[in-house]
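Please read the structure below before turning to the comments.
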Amino acid sequence: MQWSLLLNDYTFQNVIVGASLLGMISGALGTFAVLRRQSLLGDAISHAALPGICLGFIISGGRSMGSIMLGALTTGALAALVMLALTRMSRLKTDAALGICLSVFFAVGIVLLTYLQGTNNASQGGLEAFLFGQAAATLRSDLWLMGSITLGALLLLAALWKQAKLVTFDAEYARTLGIPATFIEALLTVMVTLAVVVGLQMVGVVLMAAMIVAPAAAARQWSRHLGSMVVLAAGFGVVSGITGATISTLSRGLATGPLIILTASAIVIVSLAIAPQRGLLWGVLKHYRQKWTLHKQQMLYTMYKWQLANASSHTRSQAQGLLWPRLALLRLYREGFLAREHSDRSYSGWSLTKSGITEAQRLTAVLEGKIQ
Amino acid sequence: MAIPDETGTALSIRNLTVSYHNQPVLWDIDLDIPSGVMAGIVGPNGAGKSTLIKSLLGLVPTLSGDVAVYGRPYAKQRKRIGYVPQRSSVDWDFPTTALDVVTMGLYGRLGWLKRPGRKERREALEALDMVSMGDFADRQISQLSGGQQQRVFLARALVQQADIYFLDEPMAGVDATTERAIVDILRRLRDEGKTLIVVHHDLQTVRTYFDWLLLLNVQVIASGEASDTFTIDNLRKAYGGQIALLNDTDALMFPASKVVR
């Protein structure tokens with residue numbers, strides 16, 4: 001019963017839809033930012049949106065979402081372009097240019113924010129909510145705006161898909177094919193600003209960077225193609241948005257934005273740990289499996305060589321006390337490569353079975369083929 | 001497409017100068033590369049070998065100079081040029097397959113909105129087969145060895161069906177087998193009448209691989225037929241003191257470390 005009540009709740013509906021839209025756009029565009037090693041660009045852009053928010057408020061004279069978004073879009077894109085220009089034309093490296101842009105624009109934003117708070121304009125109340133987001137304040141009209149921006153960005157991405165892919169992978173080569181790589185790069189960068197704008201209301205400018213990076217980073221672990229990575233990143237974004245919003249609503253009073261970010265981070269941690277091929281756990285397992293196989297092969301090889309050298313049909317295990325060799329012997333015995341030898345009712349060692357000899361000969365051939 | 005022009009000159013460069021932060025990287029390059037040769041560009045580190053290729057392709061801004069491809073400006077002849085960049089110039093952890101990378105070579109031809117289809121896929125597979133990488137078409141590029149990655153890059157240029165190919169150190173960091181395979185492919189292309197311009201770093205193999213040579217050290221030290229150009233005097237001029245150890249011309253011409261076929 002509680003769920004149906006919840007689903008009919010106006011605020012909850014708005015928050016869920018808004019969080020999903022945010023997840024979708026930031027996941028898709030974040031993929032390109034992450035692959036282009038511009039993860040932190042999202043951070044600079046989102047911080048740079050703050051002066052735009054204040055300017056939009058000043059110019060429109062009220063808390064109209066449209067002008068605030070437009071302002072955020074303008075200063076965010078401006079910061080991104082300044083950053084690109086700084087790295088291209090000066091000797092500054094990307095990280096330095098990023099740091100400068102982020103702090104200068106954010107400082108201007110804070111100055112404007114405190115100026116507005118000092119003017120005693122009643123309607124400015126809650127402008128600082130854009131720092132950390134205020135999901136519950138989302139209106140239906142805001143959703144229409146966020147929805148159109150998301151749709152527009154995704155359509156643009158779909159139309160310029162192959163250019164975006166090639167420029168992300170190899171921009172110089174793209175240029176030799178006559179693709180305007182600089183334009184595409186700038187476009188991909190500015191489009192990150194669109195994601196930031198959608199996230200203003202939900203998670204705010206300070207935490208927005210995580211929304212750009214986290215779904216994409218998680219998706220990279222699971223995908224083999226750029227297409228699947230974009231879809232998966234958008235999916236992870238939506239899942240974290242919905243989960244974070246639901247937890248926040250059910251728990252009463254916990255902030256939505258940070259919960260969305262924490263959910264996304266949890267997905268990243270799980271993906272880093274267990275994703276097939278690329279996950280840490282996978283790597284550890286593979287390492288031990290390979291080591292174990294090598295151990296067995298080495299045991300078989302050694303016994304074979306020993307038998308050849310001594311013309312004896314069985315060997316006494318030299319490694320009685322050691323755990324790993326004994327395990328290897330037992331495993332080889334179970335696989336039918338070894339047989340236990342008993343003479344005079346006492347245990348005397350191991351001998352290679354027929355299939356053991358064949359396997360050892362195969363290994364020897366492979367090994368010697370490789371060495372010579 | 002392969003219509004060699006009357007003059008037989010594939011590439012002609014006039015007064016090309018490139019600078020980086022007030023430091024000339026290439027100085028007044030004048031050069032004509034004939035059509036249908038396998039040309040090597042050789043010179044010490046920092047001689048501007050890669051920069052030369054990149055400035056010809058318009059990837060690096062030039063201070064002055066004209067470049068003509070088969071007698072016409074580069075911008076109009078883009079479709080006749082293939083480029084194989086240095087393998088290290090991209091991040092191989094990009095989520096894609098070998099076949100997809102090769103298909104990228106066709107993006108220029110496809111125009112703005114058209115997507116690669118079945119025809120493009122077939123062409124890309126053919127190019128992969130040409131570099132003996134057909135079995136790796138669906139392999140993640142991060143799981144390819146260095147030599148295999150280099151072949152994928154080569155296939156991506158092959159699929160362009162260009163007349164002139166620029167290759168930036170295609171033999172860097174690949175094993176002897178791959179190097180031989182790459183050289184064989186390049187020779188086959190040359191025999192089909194294509195022009196290959198290869199930045200190369202291994203002096204020992206210059207004579208065996210190339211029939212035309214440019215010795216470069218910011219300026220053109222010498223250029224022309226490999227047999228005339230690859231002399232100890234010219235090498236001294238290009239490499240300065242660094243080559244002094246190689247007094248013995250024979251050691252240079254008949255390297256002991258490589259198997260000469």
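Full extension of the segment from A:VAL270 to A:ASP95, taken as 0.36 nm per residue of separation minus the current Cα-Cα distance, would add 60.2 nm. GNM remark for chain A: springs join alpha carbons under 10 Å apart, and the peak mean-square fluctuation among A:VAL203, A:VAL239, A:VAL82 falls on A:VAL82. Extending 7 Å from the Cα toward the beta-carbon at both A:THR87 and A:TYR301 defines two label points whose distance is 4.7 nm.
Here the 3J(HN,Hα) profile of the stretch B:46-56, calculated from phi with Karplus coefficients 6.51, -1.76 and 1.60 at θ = phi - 60°, is x, 6, x, 4, 5, 4, 4, 4, 5, 6, 5 Hz, Gly and Pro shown as x. Phi-derived couplings, Karplus 6.51 cos²θ - 1.76 cosθ + 1.60 at θ = phi - 60°, listed residue by residue for the stretch A:281-295: 4, 4, x, 5, 4, 4, 4, 5, 5, 5, 4, 5, 4, 4, 4 Hz, with x used for Gly and Pro. Taking the DSSP beta bridges in the protein assembly as shown as the whole, what percent of them are antiparallel, to the nearest 5? Around 65 percent antiparallel, to the nearest 5.
Among the residues of A:221-229, the average count of other protein chain beta-carbon atoms within 10 Å of the residue beta-carbon is 3.
Partners of B:LYS119 within straight-line reach, counting lysines whose Cα lies under 24 Å from its Cα and excluding those fewer than 8 residues away in the same chain: A:LYS162, A:LYS165, B:LYS79, B:LYS194.
Using C-alpha pairs under 8 Å with a sequence gap of at least 6, the mean separation divided by the residue count of chain B gives a relative contact order of 25 percent. Inter-chain neighbour count for A:163-170: the average number of beta-carbon atoms from partner chains within 10 Å of each residue's beta-carbon is 5. Summarised as an ellipsoid, the protein assembly as shown has semi-axes of 52, 44, 21 Å, derived from the eigenvalues of the Cα gyration tensor scaled by 5 and square-rooted, with the largest first.
Amide H to amide H distances under 5 Å link B:VAL198 with B:ALA39, B:GLY40, B:ILE41, B:LEU167, where only residues 5 or more positions off or on other chains count and H is placed in the peptide plane. For A:GLY349, the amide hydrogen comes within under 5 Å of the amide hydrogens of A:GLU341, counting only partners 5 or more places away or on other chains and with H modelled in the peptide plane.
Across A:SER64, A:SER223, A:SER46, mean-square fluctuation computed from a Gaussian network of chain A (C-alpha pairs under 10 Å connected) peaks at A:SER64.
Counting neighbouring beta carbons within 10 Å and listing from fewest to most, the residues B:ARG180, A:ARG175 come out as B:ARG180, A:ARG175. Assuming R0 = 22 Å, can you tell me the calculated FRET efficiency for the pair A:LEU156 and A:ARG37, based on Cβ-Cβ distance, to the nearest 0.05? That gives a FRET efficiency of 0.50. Taking 7 Å steps out from each Cα toward its Cβ at B:ASP66 and A:VAL366 produces label points 6.4 nm apart.
Label positions at B:ASP233 and A:TYR288, each projected 7 Å from the Cα along the C-beta direction, are separated by 7.0 nm.
Mean residue ellipticity, 222 nm, helices only, chain B: the sum of -39500 (n - 2.57) across DSSP H runs of n ≥ 4, divided by residue count and rounded to 500, is -8500 deg cm²/dmol. Sequentially through the stretch B:186-196, phi angles give Karplus couplings (6.51, -1.76, 1.60; θ = phi - 60°) of 4, 5, 4, 4, 4, 5, 7, x, 7, 10, 10 Hz, Gly and Pro residues having no value and appearing as x. In terms of its alpha-carbon gyration tensor, the stretch A:23-112 comes out oblate; a/c meets the 1.5 threshold, while b/c is at least as large as a/b.
With R₀ set to 56 Å, the beta-carbon distance separating B:LYS79 from A:LEU308 gives a calculated FRET efficiency near 0.30. Counting every Cα pair in chain B, what percent are over 30 Å apart? Cα-Cα pairs of chain B separated by over 30 Å account for 29 percent.
Bridgeable lysines around B:LYS237 (alpha carbons under 30 Å apart, same-chain partners fewer than 8 residues away excluded): B:LYS49, B:LYS54, B:LYS258. Scanning residues 5 or more positions from B:GLY224 or on other chains, those with amide H under 5 Å from its amide H are B:LEU213, with H placed 1.01 Å from N in the peptide plane. Which lysines does A:LYS296 reach when only Cα atoms under 30 Å apart count, and residues fewer than 8 places away in its own chain are ignored? Result set, ordered by chain and number: A:LYS286, A:LYS305, A:LYS354, A:LYS370. Per-residue Cβ neighbour counts within 10 Å put A:ILE45, B:ILE182 in the sequence B:ILE182, A:ILE45, beginning with the fewest.
When the helices of chain A are scored as -39500 (n - 2.57) per DSSP H run of n ≥ 4 and the total is divided over every residue, the value at 222 nm lands at -26000 deg cm²/dmol. The relative contact order of chain A, computed from alpha carbon pairs under 8 Å that lie at least 6 residues apart in sequence, is 21 percent.
Taking chain A as a Gaussian network of alpha-carbon nodes connected by springs under 10 Å, the highest mean-square fluctuation of the residues A:HIS47, A:HIS295, A:HIS225 belongs to A:HIS295. For chain A, the spherically averaged projection of the C-alpha convex hull amounts to 30.2 nm².
Return a whole-number percent for the relative contact order of the stretch A:226-309, with Cα pairs under 8 Å and 6 or more residues apart as the contact set. Dividing the mean separation by the residue count of the stretch A:226-309 yields 16 percent.
Computed from the coordinates by the stated procedures, all read-outs in this text should not be read as laboratory data. No experiment lies behind these values; they were computed from the predicted model shown. Neighbour counts run over all protein chains shown; Cβ positions are idealised from the backbone, glycine included.
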